[in-house]
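**Student:** Got a structure here, written out as structure tokens. Questions coming.
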Amino acid sequence: RQLAFIGFDELDSFTESQFWNLFACLRTTSGVRTRVIATTNPNADSWVLDLVRPYLDAAGYPNPQMAGKVLWFGRVDGALRWWDSEAAAAIEGVSPVSFTFVPSMLSDNSILMRKDPKYAQILNALPPVERARYLYGNWFIRPTSGSFFQRAWFPLLHQHPGKADVVRTYRAW
């Protein structure tokens, strides 16, 4: 199969194997430039993180200075490697592929913001981890111990508020 263009919506819903198998079909004799374009949401557990990692800051947010910058990747001993230029990869004997990442936030989608202004409220109502992913673009955030339930959410009762016929009580979270 020869493909000049492959488009993915929500790339992280495809397996890494599916992606690379289709990537191998990027070839044509027509002279058309081959390319892959994909959308995705941040997911710390997704294989896609390895593709966008060079474009993120230390906290996992998109680095504005890297947005849209062309980098070059290739495989060295089976591992994905990145270079700032095609020439730098060639020095190491690698024939690399160009790649760029253009992060986008809700504020970039003026049509959606105009047609559904309440969507921002929906994203703001998400739990902290999902809000950091979907509203702010954080790729590293994960649920951690103590982030699901906060002790402050549960008032301590010094006396049972119920009926006198209660035989046994349990408290757990």
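**Student:** Identify the single condition in (1) open to solvent by 70 Å² or more (accessible area, probe 1.4 Å); (2) out of contact with any strand residue (DSSP E or B) (no Cβ under 7 Å at 6 or more places or on another chain); (3) within 30 Å of I141 (Cβ to Cβ); (4) not charged (D, E, K, R) that I37 does not satisfy, given that it satisfies every other one.
**Tutor:** The failed condition is (2).
**Student:** While we're on this one: Restricting to the range 67-79, name every residue that is over 18 Å from the mean Cα position of the chain (by Cα) and exposed (fewer than 14 other Cβ atoms within 10 Å of the Cβ).
**Tutor:** Residues satisfying the conditions are V70, R75, V76, D77, G78, A79.
**Student:** Out of the range 157-171, which residues are modelled with pLDDT of 70 or more and open to solvent by less than 100 Å² (accessible area, probe 1.4 Å)?
**Tutor:** Answer for the range 157-171, where residues must be modelled with pLDDT of 70 or more and open to solvent by less than 100 Å² (accessible area, probe 1.4 Å): V166, T169.
**Student:** What number goes with the only condition from (1) touching a residue at least 24 places away in the same chain (Cβ under 8 Å); (2) among the charged types (D, E, K, R); (3) touching a Lys or Arg at 6+ places or on another chain (Cβ under 8 Å) that R75 does not pass?
**Tutor:** (1)
**Student:** With the condition kept exactly as written, say whether any residue in the range 67-84 is under 17 Å from N138 (Cβ atoms), part of a loop (DSSP other than H, G, I, E, B) and modelled with pLDDT of 95 or more.
**Tutor:** Checked the range 67-84: at least one residue is under 17 Å from N138 (Cβ atoms), part of a loop (DSSP other than H, G, I, E, B) and modelled with pLDDT of 95 or more.
**Student:** If you scan the range 1-15, which residues turn out to be more than 16 Å from the chain's Cα centre (by Cα) and either in a loop (DSSP other than H, G, I, E, B) or under 29 Å from A132 (Cβ atoms) (or both)?
**Tutor:** Of everything in the range 1-15, those that are more than 16 Å from the chain's Cα centre (by Cα) and either in a loop (DSSP other than H, G, I, E, B) or under 29 Å from A132 (Cβ atoms) (or both) turn out to be R1, Q2, A4, G7.
**Student:** Oh, and also: Could you check, for the range 16-24, whether at least one of its residues is among the acidic types (D, E), part of a loop (DSSP other than H, G, I, E, B), surrounded by fewer than 16 Cβ atoms within 10 Å (Cβ to Cβ) and at negative phi?
**Tutor:** Checking the range 16-24: not a single residue is among the acidic types (D, E), part of a loop (DSSP other than H, G, I, E, B), surrounded by fewer than 16 Cβ atoms within 10 Å (Cβ to Cβ) and at negative phi.
**Student:** Can you tell me which residue is farthest from V70 (Cα to Cα) among those in the range 85-109 that are in a helix (DSSP H, G or I) and open to solvent by less than 70 Å² (accessible area, probe 1.4 Å)?
**Tutor:** Initially, the range 85-109 is screened for residues in a helix (DSSP H, G or I), giving 86-91, 106-108.
In the following step, the residues that additionally are open to solvent by less than 70 Å² (accessible area, probe 1.4 Å) were identified as 87-90, 106.
On the way: A87: 13, A88: 13, A89: 13, A90: 16, L106: 23 Å.
Going through the qualifying residues, I end up with L106.
**Student:** Kindly check whether there is at least one residue in the range 28-50 that is under 23 Å from the mean Cα position of the chain (by Cα), in a loop (DSSP other than H, G, I, E, B) and over 19 Å from D12 (Cα atoms). Step through it out loud before you land on a result.
**Tutor:** Quick first cut of the range 28-50, residues under 23 Å from the mean Cα position of the chain (by Cα) only: 35-50.
Those left that are additionally in a loop (DSSP other than H, G, I, E, B): 39-48.
This time we only want the ones that are over 19 Å from D12 (Cα atoms), so: none.
No, that holds for no residue.
**Student:** Looking at the range 110-140 only, could you name the residues that are outside any helix (DSSP H, G or I), among the charged types (D, E, K, R) and surrounded by 10 or more Cβ atoms within 10 Å (Cβ to Cβ)? Write out each step before concluding.
**Tutor:** Start the filter on the range 110-140 by keeping residues that are outside any helix (DSSP H, G or I), which leaves 116-118, 125-127, 135-140.
Now drop any that are not among the charged types (D, E, K, R), which leaves 116, 118.
Matches in the range 110-140: D116 only.
**Student:** Which of the residues that make up the range 51-66 are open to solvent by 80 Å² or more (accessible area, probe 1.4 Å) and in a loop (DSSP other than H, G, I, E, B)?
**Tutor:** Those that are open to solvent by 80 Å² or more (accessible area, probe 1.4 Å) and in a loop (DSSP other than H, G, I, E, B): A58, P64, Q65.
The values are calculated or read from the model by the stated rules, or taken from the named source; none is laboratory data. Just so we're clear, the structure is a prediction, and the values are computed from it rather than from any experiment. A quick note on method: Cβ atoms are made from the backbone with ideal geometry, for glycine too, and the neighbour counts reach across all protein chains shown. Just the protein is used for accessible areas: all its heavy atoms, side chains included, with ligands, DNA and RNA removed. Shrake-Rupley method; radii C 1.70, N 1.55, O 1.52, S 1.80 Å.
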